[in-house]
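The values are calculated or read from the model by the stated rules, or taken from the named source; none is laboratory data. Quick caveat, the model's predicted, so the values are computed rather than measured. Glycine gets a Cβ as well: all are built from the backbone with ideal geometry, and neighbour counts include every protein chain shown. Quick note on the areas: whole protein, heavy atoms, side chains included, nothing else; ligands and nucleic acids left out. Shrake-Rupley method; radii C 1.70, N 1.55, O 1.52, S 1.80 Å.
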Amino acid sequence: MDLTLAALLMLGFLLVALALGLWIGLALLVTGAAAIAFLTPAPVGVMAATAIWGDSNDWTLTALPMFLWMGEILYRTRVSDGLFRGLAPWLGGIPGRLLHVNVFGCAMFSAVCGSSTATCATVSRIALPELRKRGYPEPITIGSLAGAGTLGILFPPSIIMIVYAVAADVSILHLFIAGILPGLLVTALFSTYILGYGLARGDAIPRETGVTWRQRLRGLRDLAPCLVLIVGVIAGMFSGVATATEVGALGVLGALIIAALMGTLNWRTFIESAYSAVAVTCMIGLILQGSSVLSASMAFTGIPKALAQWVATMQLNPYVLIGALCVVYLILGTALEGVGMILLTTSIALPMVVAAGFDPLWFGIFIVIMTELSTLSPPVGFNLFVLQLMTGRDQLYVTRATIPFFLLLVVAVAILAVFPEIVTWLPKKVMAR
Amino acid sequence: MMRKALDALYAASGAAAVAFLILIAALTIAQMLGRLIGKPVPSADDFAGFCMAGAVFLGMTYTLRSGGHIRVLTLLTRVAPAPRRALEILCAAASVLIVGTVTWYATAMMLDTRAFGEYTLGVVPMKKWVPMTFMVTGLVVFLIALVDELVRLLRGRKPLYVAREEEAATSIGSTAE
């Protein structure tokens with residue numbers, strides 16, 4: 001059969017299966033199996049079982065449950081309370097005032113947590129009531145929390161990065177390290193916007209009473225648990241000896257110690273956090289299994305290679321290609337969540353992106369930011385949902401409040417496309433050692 | 001009686017998955033300490049991989065019943081109750097079919113591996129079929145749970161995962177993003 005027709009039929013079949021409400025993992029699995037059955041002479045059942053088992057007992061995957069568990073333990077502590085109390089005395093004096101706490105609080109928490117939704121929920125839970133009490137304008141409060149919450153998957157650790165690293169076969173740690181400078185770039189863009197807002201609309205932002213250095217130093221003490229964990233995670237990543245899983249396991253241990261010191265650790269929270277970590281691991285696991293079968297079918301049919309060659313013959317400007325992919329991911333992101341989006345597209349898109357001269361690590365960061373945008377896209381964006389629940393506002397209100405930060409993320413993608421070194425420089429330095 | 005036995009089976013499977021999660025953490029830390037004192041844990045990577053498979057396959061059922069497996073709800077939540085029920089039955093039946101087929105071939109693979117007597121290539125050679133039992137056990141329990149949900153649907157009741165999905169629409173749960 002003609003490959004173009006086959007690819008379109010597969011895509012159609014998959015979209016129907018997804019729209020009807022089949023679990024994403026099973027939809028990917030059955031699409032892959034159908035492609036193997038109709039397009040190749042290979043025995044479907046044996047191939048599917050081999051692909052599923054081969055991709056499931058891989059030890060590199062163990063980083064996933066470790067970082068998930070670490071996040072689940074921290075979510076049940078009061079680390080975030082300390083974040084607000086600790087950052088407020090330092091940031092209250094600059095234009096934009098405590099709105100910066102949203103951005104820096106999320107940036108700090110995202111350095112110990114691998115999920116955007118958890119970052120957004122954790123920081124919002126504490127910052128939102130405080131800012132409301134002081135009378136901060138609601139739209140920018142909501143927008144900055146939803147937007148900065150997405151940093152959760154850009155700063156390491158990052159669950160989405162682990163999923164991409166496994167799918168694209170790149171090092172988890174190198175991808176983690178590649179996320180640091182882009183994360184700082186996005187943080188800078190967000191706080192510059194808030195700074196500008198503060199300068200232009202300074203009268204809308206409530207004044208802070210004078211802050212003493214004593215209060216600032218006391219603030220550092222509140223930040224200590226988070227800072228210690230961040231230093232630990234970063235030291236582990238750059239040490240060159242620890243694997244991603246080992247950094248994650250140390251993170252679990254560190255999170256447990258912090259929970260114990262804060263008095264939130266008991267048998268119930270321990271078991272609850274473990275079950276939650278298992279649930280998300282298995283959710284991703286089922287999608288991974290489906291995508292193993294789909295990727296195997298892709299390799300057999302040769303569709304990604306043909307697609308890459310076709311794109312190559314068009315002699316596209318690489319920026320046009322990235323722009324086109326941006327549009328595709330923005331559309332996909334309105335219906336699918338990140339894990340499904342990444343596992344569905346990586347085996348297809350990566351060959352053509354690499355053929356256009358981009359680094360697999362760069363594409364990983366690109367896809368992470370696309371996932372961040374999907375958490376801000378209605379109707380199923382998770383970060384929008386978090387703030388809808390927390391503020392009681394409807395989706396339209398929350399989405400509108402988030403638009404500036406959505407656009408700033410798009411700007412970040414454009415900057416990274418023009419200066420890909422922002423992504424690749426740091427991991428290259430580490431690899432060169 | 002039947003109900004109790006099924007629930008106990010699901011609970012045992014979930015508890016085993018949590019045990020594997022804790023084992024991964026313990027094994028990883030032991031491996032680090034071992035390297036530090038110059039006595040590495042042999043074949044730790046193989047063991048970790050098997051624990052991963054154990055956690056993923058045995059936790060599948062807990063995840064199903066807590067509404068953790070994700071799907072696109074855009075259409076389902078926008079149609080009337082009657083077509084919704086038809087779609088749900090279609091999805092559950094298709095899932096039983098897909099998971100049933102995978103379980104069949106996974107079991108066949110395990111039995112073949114046992115018959116050939118294959119070993120892993122690590123420092124500590126292990127029989128390859130043994131960890132495959134985690135996959136087969138997890139899949140069988142998952143299949144039973146899916147049939148259970150299909151039966152619930154056919155009897156005109158709401159599957160557990162639908163109830164959990166509806167709860168999730170009013171609270172913040174765990175996601176990967």
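5 Å is the cut-off here: which amide hydrogens, built 1.01 Å from N in the peptide plane, fall below it relative to B:Y119, excluding neighbours closer than 5 in sequence?
Here the answer is B:K128, since their amide H atoms fall under 5 Å of that of B:Y119.
At a 1.4 Å probe radius, carbon and sulfur cover how many percent of the accessible area of the protein assembly as shown?
Summing carbon and sulfur atoms, their accessible area is 69 percent of the total for the protein assembly as shown.
May I ask you to work out the translational diffusion coefficient for region A:389-433 at 25 °C, viscosity 0.890 mPa s, via Stokes-Einstein with Rh from the Kirkwood sum over Cα pairs, reported in whole µm²/s?
This corresponds to a translational diffusion coefficient of 185 µm²/s.
What's the average, rounded to a whole number, of partner chain beta-carbon atoms within 10 Å of each residue's beta-carbon in B:72-79?
Mean number of neighbouring Cβ atoms from other chains: 4.
Using only helices, what value at 222 nm comes out for chain A when you add -39,500 (n - 2.57) per DSSP H run of length 4 or more and divide by the total residues, to the nearest 500 deg cm²/dmol?
-26500 deg cm²/dmol
Just to verify a number: FRET efficiency for B:E166 and A:R216, C-beta to C-beta distance, R0 = 30 Å, to 0.05?
The pair B:E166/A:R216 has a calculated efficiency of 0.05.
Hey, rough spin-label estimate for A:S239 and B:L73, points 7 angstrom out along Cα→Cβ, what's it come to in nanometres?
Label-label distance for A:S239 and B:L73, simple model: 4.1 nm.
Find how many whole Å separate the alpha carbon centroid of region A:130-161 from the alpha carbon centroid of region B:55-120.
35 Å
How far is the Cα center of region A:162-178 from the Cα center of region B:1-48, in Å?
If you average the Cα positions of each part, the centres end up 24 Å apart.
May I ask you to evaluate 6.51 cos²θ - 1.76 cosθ + 1.60, the Karplus curve with θ = phi - 60°, for each residue of region A:106-123 and list the ³J(HN,Hα) values in order in whole Hz, giving x for glycine and proline?
Values per residue, Gly and Pro as x: 5, 4, 5, 5, 5, 7, 10, 10, x, 10, 5, 5, 5, 4, 4, 5, 5, 6 Hz.
Over all distinct Cα pairs, what is the inverse of the mean 1/r for region A:190-254, reported as the Kirkwood hydrodynamic radius in Å?
The answer is 15.3 Å.
Please state the charge dipole magnitude for chain A, taken about the Cα centre, from unit charges on C-beta atoms (+1 on K and R, -1 on D and E), reported in debye and rounded to the nearest 20.
Around 1380 debye, computed over chain A.
Using θ = phi - 60° and the Karplus curve 6.51 cos²θ - 1.76 cosθ + 1.60, what whole-Hz ³J(HN,Hα) does each residue of region A:216-226 get, with Gly and Pro shown as x?
Computed from phi, the couplings for region A:216-226 are 5, 5, 5, x, 4, 5, 5, 7, 3, x, 5 Hz.
At a Förster radius of 25 Å, what calculated FRET efficiency corresponds to the Cβ-Cβ distance of A:L5 and A:I331, to the nearest 0.05?
E between A:L5 and A:I331, to the nearest 0.05, is 0.65.
Just to confirm my numbers, what's the Cα centroid distance between region A:49-95 and region A:316-353 in Å?
Distance between centres, Cα-based: 25 Å.
Once you list every other residue whose beta carbon is under 15 Å from the beta carbon of A:S374, what net charge do they have if Lys and Arg are +1 and Asp and Glu are -1?
Once all neighbours under 15 Å are counted, the net charge is -3.
Straight-line reach from B:K158: which lysines have a Cα under 22 Å away, not including same-chain ones fewer than 8 places off?
Within reach: B:K4.
Under a crude label model (7 Å from the Cα following the beta-carbon direction), how far is A:L195 from A:L15 in nanometres?
Result: 4.4 nm between the two label points.
For chain A, what log10 I(q)/I(0) values come out of the Debye formula at q = 0.10, 0.11 1/Å, with one point per alpha carbon and no solvent?
Those come out to -0.70, -0.85, one per q.
Say each of B:A93 and B:L6 gets a label point 7 Å from the Cα, pointing the same way as Cα to Cβ; how far apart are those two points in nm?
Modelled inter-label distance: 1.8 nm.
Pop the C-beta distance of A:R78 and A:Y319 into the FRET formula with R0 = 41 Å and round what comes out to the nearest 0.05.
0.35
Partner chain Cβ atoms within 10 Å, averaged over the residues of A:241-253 - can you pull that number for me?
Per residue, the number of nearby Cβ atoms from other chains is 4 on average.
Sum up the charges of everything whose Cβ sits under 10 Å from the Cβ of A:I126, counting Lys and Arg as +1 and Asp and Glu as -1, but leave A:I126 out.
Within the 10 Å Cβ shell, the charges total +1.
Of the peptides A:360-370, B:122-132, how do they stack up when ordered by the mean number of other Cβ atoms within 10 Å, highest first?
A:360-370, B:122-132
Sort A:321-329, A:287-295, A:162-170 for me by packing, meaning the mean count of neighbouring Cβ atoms within 10 Å per residue, highest on top.
A:287-295, A:162-170, A:321-329
Taking Cα atoms of chain B, Rg/Rh with Kirkwood Rh, to two decimals?
Taking Rh as the inverse mean 1/r over Cα pairs, Rg/Rh reads 1.06.
Quick check: net charge around A:A88, other residues with Cβ under 13 Å of its Cβ, Lys/Arg +1 and Asp/Glu -1?
Value of the local net charge: +2.
Near A:K428, which aspartates and glutamates are there with a Cα under 14 Å away, not counting those fewer than 8 places off in the same chain?
Output for A:K428: A:D359.
At a 10 angstrom cut-off on C-beta neighbours, averaged per residue, how do the peptides B:18-25, A:262-269 rank from highest to lowest?
The densest-packed peptide leads the list: B:18-25, A:262-269.
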